[in-house]
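Working notes for the structure below.
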Amino acid sequence: MAASGAKDLPALGDAVGRLIEKPLNSNGFFVESVRVSPAGQRLVIRVTLDATQIQAPPLSLDQVAQASTHISEILDDDAAFNGLIGTTAYVLECSTPGVGRPLTQLRHWQRALGRLVRVELTDGGTMTSRLSAVDAQLGLTLSDPMATLEWDQVRQGRVQVEFRKDSADEEQPPTDETLTGAGRSRVEEGA
């Protein structure tokens, strides 16, 4: 089967997702999505992963590489998968959702707890605030400004990138010493 002749790539993505979900989950990885698309004579299998623990830090590059190796082994050893793709080569791409992922599912909102979020409301409005609580039945609680939103009021959201300076890193006024190498040489006494 040539990649361009693949009949049902979404179904193949679903099959790959079912195949890798349990083994990855037992190793601390949550399979966010699997998408399969043609690329010339091969297939590209894109797997988006997250941590299974809601309060875990984002996955590191090493963890994603470990998961990629595990997925590759699963796919290469599975007769049903190999029967579906035949002799078609595939490229496996693994990544994390990143900060730009839309917050559309309960677990997305839970992972964003404490972060600054921009919420798109079902009435067309938006609200940017810190996410202070997430309740599966009640909805979202935001602070600064304080608001409680029921799920039927929320379309989706996005985490807002914040750049904070540590108080120890606050900018100091430049001195002759700090300007060395920045187009100005150090002022020598008695020169």
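Taken together, the values in this text are just the output of simple stated rules run on the coordinates, not laboratory data. Computed from a prediction, not measured in an experiment: that's the story for all the values here. Every residue, glycine as well, gets a Cβ built from its backbone with ideal geometry; the counts of neighbours run over all protein chains shown.
Multiplying the residue separation of Thr126 and Asn82 by 0.36 nm and removing their Cα-Cα distance gives an extension gain of 11.2 nm. For Cys94, the residues whose amide H sits under 5 Å from its own are Val47, ignoring neighbours fewer than 5 places away on the same chain, with H placed 1.01 Å from N. Taking a point 7 angstrom from the Cα of Asp152 along the C-beta vector, which residues in the stretch 100-127 have backbone N less than 15 Å away? Residues 122-123 qualify, since their backbone N sits under 15 Å from the label point. Here each label is just a point 7 Å from Cα along the line to Cβ, and for Asp135 and Ile54 those points are 1.3 nm apart. Working note: Karplus 6.51/-1.76/1.60 with θ = phi - 60° gives the stretch 35-48 the couplings 10, 10, 9, x, 9, x, 8, 10, 10, 10, 9, 9, 10, 9 Hz, where Gly and Pro are set to x. Compared with the direct C-alpha span, the chain from Ser95 to Val44 gains 17.0 nm at full extension, assuming 0.36 nm per residue. For the stretch 3-71, the set of trypsin sites (Lys or Arg not before Pro) satisfying both a DSSP loop assignment and a count of at most 11 other C-beta atoms within 10 Å is given as Lys7. Label-to-label distance, Asp144 versus Ile74, with points set 7 angstrom from Cα along the beta-carbon direction: 3.9 nm.
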